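This report concerns only the one structure given below.
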Amino acid sequence: MRRVVAQLTAAESLEPGFLERHLGIGDSEGGAVRLNYYPRISTNATKPGQLRLGPHTDLGLFTLVVPNGEGLQYLFHNEWRPVATSPGDVVVQAGDVLAFLADYRSNYHRVDIPSDPEQVYSSIIYFESLKDETPMAPWRAEPSTVMFGEWKTEMFARKLREGLVYREKVAVEPLYGQSREL
């Protein structure tokens, strides 16, 4: 994570320590880790077009993904493309905050059911965000009175209103018994 912060600092010509101050590195605020586990799915339990996780962008500054298996896809020129990874690879995804602050584009991504639905897919995900009291103004603009805490609340509410938060049904295969939908 620190290497990503250092590379982003250099790429954006930010003063040394700028991101560290606003990310809360070493504080309790800032990042979050999530472990995703997608169990095998019997081929008869899926429907055409069904996904393991629907299309979305991540709200934070950036996300680090350590995938284990096939399934992660990016939307590239209006086409879903698999993200080719090898064991131990870390995928860096630009989030909505980075898109806003530095004029990047958030990575629109999803997790598809692999060609072999019996394959288990898992990932370790680290979401990095800002401290709530960080001013939300593009890095090359005048300071803002809107703080990240307010901004993220409004951004998430907008995503909900516009249907950009994944809410579709997902097929799961329980350890015992019939398949069901969540």
If you add up the charges near residue 97, with Lys and Arg at +1 and Asp and Glu at -1, over every other residue whose beta carbon is less than 11 angstrom from its beta carbon, what do you get?
-> -2
Which of the peptides 116-129, 67-80, 9-22 is most tightly packed, and how do the rest follow, judged by the mean count of other Cβ atoms within 10 Å per residue?
-> 116-129, 67-80, 9-22
Selection from 71, 87, 107 lying farthest towards where the dipole of the stretch 53-135 points positive, charges on Cβ | 107
The stretch 27-133 - accessible surface per residue (Å², probe 1.4 Å) = 53
Calculate the radius of gyration of the Cα atoms of the stretch 1-126 to one decimal place, then report Dmax, the largest Cα-Cα distance, as a whole number, both in Å.
-> 16.3, 55
Quick calc of log₁₀ I(q)/I(0), the stretch 80-146, Debye, one scatterer on every Cα, no solvent, q values 0.14, 0.15, 0.17, 0.27 1/Å, result -0.62, -0.68, -0.79, -1.36
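First select every other residue whose beta carbon is under 14 angstrom from the beta carbon of residue 15; then total the charges, Lys and Arg +1, Asp and Glu -1. Working shown, then result.
Working: positive: 21, 140; negative: 12, 20.
Around residue 15, the surrounding residues sum to 0.
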Mean Cβ-within-10 Å packing, highest first, puts peptides 46-58, 143-155 in the order 46-58, 143-155
What does the charge count near residue 63 come to, summing +1 for each Lys or Arg and -1 for each Asp or Glu among other residues with Cβ under 13 Å from its Cβ?
-> -2
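The values are calculated or read from the model by the stated rules, or taken from the named source; none is laboratory data. Given the structure is predicted, the values throughout are model-derived calculations rather than measurements. Because the Cβ atoms are built from the backbone with ideal geometry, glycine has one as well, and the counts that use them run over all protein chains shown. Please note that ligands, DNA and RNA were not included when accessible areas were found on the heavy atoms of the full protein model with its side chains. Shrake-Rupley method; radii C 1.70, N 1.55, O 1.52, S 1.80 Å.
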